[in-house]
Amino acid sequence: MNIQLESWEHMALEQIPQFLAGSGVPWVSQARQSAFERYKAHGLPTRREEEWKYTDVTQIGKRASLAPDSIPPDPPSEAALFSWALAQEHPHLMVFVNGYYSDGLSAIGEMPDGARLESLAELLDGTAELSSESLDASHEHTIFGALNTALATDGAVLHLAAGTVLQDPVYLLFIASGHGTAIYPRNLIVVGEGARATVIEHYFGMIDAHHFTDTLTQIKLAAGAELQHCKLLQEGNASFHVAGIHAEQAAHSRFGSQSFALGSRLARNDITSRLNGPECQCEFDGLYLLDGKQHVDHHTRIDHLAPSCTSREYYRGILDGESHGVFNGKVIVHPHAIKTDAHQSNRNLLLSREAEVDTKPQLEIFADDVRCTHGATVGQLDDDSLFYLRSRGIDADSAHSLLLYGFANDIIARVADPGMRTRIEHLVLDRLPQGEQIKELL
Amino acid sequence: MLSIMNLHAGINGKDILRGIDLEVRAGEVHAIMGPNGSGKSTLAQLLAGRDGYQVTAGSVRYLEQDLLTMPAEERARAGIFLAFQYPVEIPGVSNALFLKTALNSIRKQQGLSELDAMDFLQLLRDKMKLLRMDELLLPRAVNEGFSGGEKKRNEVLQMAVLEPKLAILDETDSGLDIDALKIVADGVNGMRDPQRAIVLVTHYQRLLEFIVPDVVHVLSQGRIVRSGKADLARELEQRGYGWVEEQHPARKAA
Ligand SMILES: Nc1ncnc2c1ncn2[C@@H]1O[C@H](COP(=O)(O)OP(=O)(O)O)[C@@H](O)[C@H]1O
Ligand SMILES: [Mg+2]
């Protein structure tokens, strides 16, 4: 961590860099400029703001530059290997290095009729029609959202026409490379009426690289559409990561969001959905596995704006060392959203005395005839379960790991894509004592 | 095989076992009966190595070893198995993974190689068939959402797979209907072996109609107040536990 204090102030942004995509397109420049004004007026949030009470992001500004790279860096050789391996398994792979699309590493493959998967930068610069929705301020749930609008370098744009079904997931790999860089991916997913897709966002960084990622994904689901979105955060243990995943759902649509936070120094995920039409289904799942001085904050928000929608949230954390987990689950049942069925649960296991969790359900109900439940627990592994396993000849370490694996697996099992499920399962086991043994037996 | 001498033990400052003497030899089936709260589960769990009990006097020897100094997993690897009165649910861990992990731990201790996946599956299938268990219980999380009867059968399945030398079954009969009871009894009888000892802990005599024990002990207020042959169980059933308790046993039973 030897980036000096003044480095960020030196690089403090006075204006939006000219090299960003779409700088010649008036509406893009305008959108960026007004977002930038919002950011400048506000600055980075402080802990005095209710939404940032438990997460101190001022250190981001002290340790990392906020200016994005002007040119895409050469991908590190590990990234090339990793991308190649992923491409063998996933036919629609887009790779971004420090927020820039890498044509060489990507393998988009053949998309079915009605499906388009493209680079945002190309669309912004090109002649193709891209609606101003793609840099829409309504998706700026935090000031980091505004910063992202102002500085987004590139990202994936997935467009599915009505009725299009994507069998294989779209795999978006975001590689962070080098020290002290700021990375601004911006993704746009539009799922047409009755269309279906799975999108994976995998953030991968070198083990001790410190960089700052501010990413934003906006999602639009038309009537009856379905999207399964799985995010895996596996950046290095010195990185800062801030993400927004924001969905809008029309009637009868289904949205599943999974957030796996396994690596980073400090991470904040804001995950939201607005249920605009009746009978939507929305499920948010999350798992954070923290150690050392890691800090991971999930702020979720589900707005029930129409009748008869269902929302489910299952978040779990395993915390060791001096790590800190934050879960804030806001569910707002607006007037008219009668027959809302909302359930939320957040369960945490603390493996050390120094680990800490702040968990807060926030249910605001303005409609009658609704069913809203929530539960939060913070505890240790159960002695009865440990004894049961040991009484079968399983040593104490393995018994611990097996119980932790089971606790995590209830969330991992919700991942729809089998390849991704196995990848996450293995990453979790890699972190557990004797995990290798369990892996062999699976 | 198992030799308990003058065992006194308690938990949280409460005396529960107050001078247990018990001798179990290979090949024997013992039944320990007694009213609720007499200390049956405490004895069973203590033998299996549960932490938290204070042993204030006495000793337990198992196959020439001082059992009380061994951690639970070592006892299991040395051949002790407890079928729990209340089997524990392990969310997120499949029954198959659990059994495989357990069997491999025990085989490793015995210097045997790990079973490969196919052999293991075949072994499980065979044992499950005998216990008339649905194979769909294998991918499901251990005991989670299992019916009372399925949980008990799952305990017997584990016993059948792990092939212990000393099996202690704590009220494996309770909550079973008569058909399930017969299936479980067949499973247990199938494991009777000159090299193996079985201790059946039960509240009712019903189980002993199907698994006829060599010796029956009556536990009352932390002591074995009476021991006898299989017909002692029938006598108890007729006269009730009040009968032995009234008899004020002077000291240890034979
Ligand atoms: N953890 C404990 N703390 C305090 N008392 C206990 C504990 N476990 C068991 N006991 C008490 O010990 C006695 C014997 O219990 P138990 O061995 O479960 O009896 P049984 O299995 O014969 O019904 C009961 O009075 C019970 O309440
Ligand atoms: Mg009992």
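The values are calculated or read from the model by the stated rules, or taken from the named source; none is laboratory data. Source: prediction; values computed, not measured. Glycine also receives a Cβ, built like all others from the backbone with ideal geometry; neighbour counts cover every protein chain displayed.
Observations on the structure shown:
- Within the range A:195-212, considering residues that are part of a strand (DSSP E or B) and at pLDDT 95 or above, the one surrounded by the fewest Cβ atoms within 10 Å (Cβ to Cβ): A:196
- Taken together, B:84, B:98 contain a single residue that is aromatic (Phe, Trp, Tyr), within 12 Å of chain A (Cβ to nearest Cβ), away from ligand 2 (no atom under 16 Å from the Cβ) and surrounded by 19 or more Cβ atoms within 10 Å (Cβ to Cβ), which is B:98.
- Number of the exception - residue A:115 against (1) among the aliphatic types (A, V, I, L, M); (2) under 18 Å from residue A:197 (Cβ atoms); (3) in contact with a Lys or Arg (Cβ under 6 Å, 6 or more places away or on another chain): (3)
- The criterion of being out of contact with any Pro (no Cβ under 7 Å at 6 or more places or on another chain), at pLDDT 95 or above and surrounded by fewer than 20 Cβ atoms within 10 Å (Cβ to Cβ) holds for residue A:384.
- Filter pass, residue B:152 being part of a helix (DSSP H, G or I), more than 9 Å from chain A (Cβ to nearest Cβ) and within 16 Å of ligand 1 (Cβ to nearest atom): yes
- Taking the range B:119-178 as the range and being more than 16 Å from ligand 2 (Cβ to nearest atom), touching a residue at least 60 places away in the same chain (Cβ under 8 Å) and closer than 13 Å to residue B:83 by Cα as the test, the residues that pass are B:154, B:156, B:158, B:159, B:161, B:162, B:164, B:166, B:167.
- The criterion of at least 1 residues that are away from ligand 1 (no atom under 15 Å from the Cβ) and not hydrophobic (A, V, I, L, M, F, W, C) is met by the following strands (runs of 3 or more DSSP E) wholly inside the range B:1-97: B:2-11, B:14-24, B:29-33, B:54-62, B:90-94.
- Residues of the range A:136-151 that are of a type in the set (Asp, Glu) and either buried (at least 24 other Cβ atoms within 10 Å of the Cβ) or more than 16 Å from the chain's Cα centre (by Cα) (or both): A:136 alone.
- Which numbered condition residue A:377 fails, given (1) closer than 27 Å to residue A:358 by Cβ; (2) buried (at least 21 other Cβ atoms within 10 Å of the Cβ): (2)
- Residue match in the range B:48-63 (condition: closer than 11 Å to residue B:168 by Cα, more than 13 Å from every other protein chain (Cβ to nearest Cβ) and within 16 Å of ligand 2 (Cβ to nearest atom)): no
- Checking B:76, B:31 one by one, the residue that is modelled with pLDDT of 95 or more, buried (at least 21 other Cβ atoms within 10 Å of the Cβ) and more than 9 Å from every other protein chain (Cβ to nearest Cβ) is B:31 and no other.
- Odd one out for residue A:230, checked against (1) at pLDDT 95 or above; (2) surrounded by fewer than 24 Cβ atoms within 10 Å (Cβ to Cβ); (3) more than 22 Å from residue A:147 (Cα to Cα): (2)
- Condition broken by residue A:414, with the remaining ones in (1) within 12 Å of chain B (Cβ to nearest Cβ); (2) in a helix (DSSP H, G or I); (3) of a type in the set (Lys, Arg) satisfied: (2)
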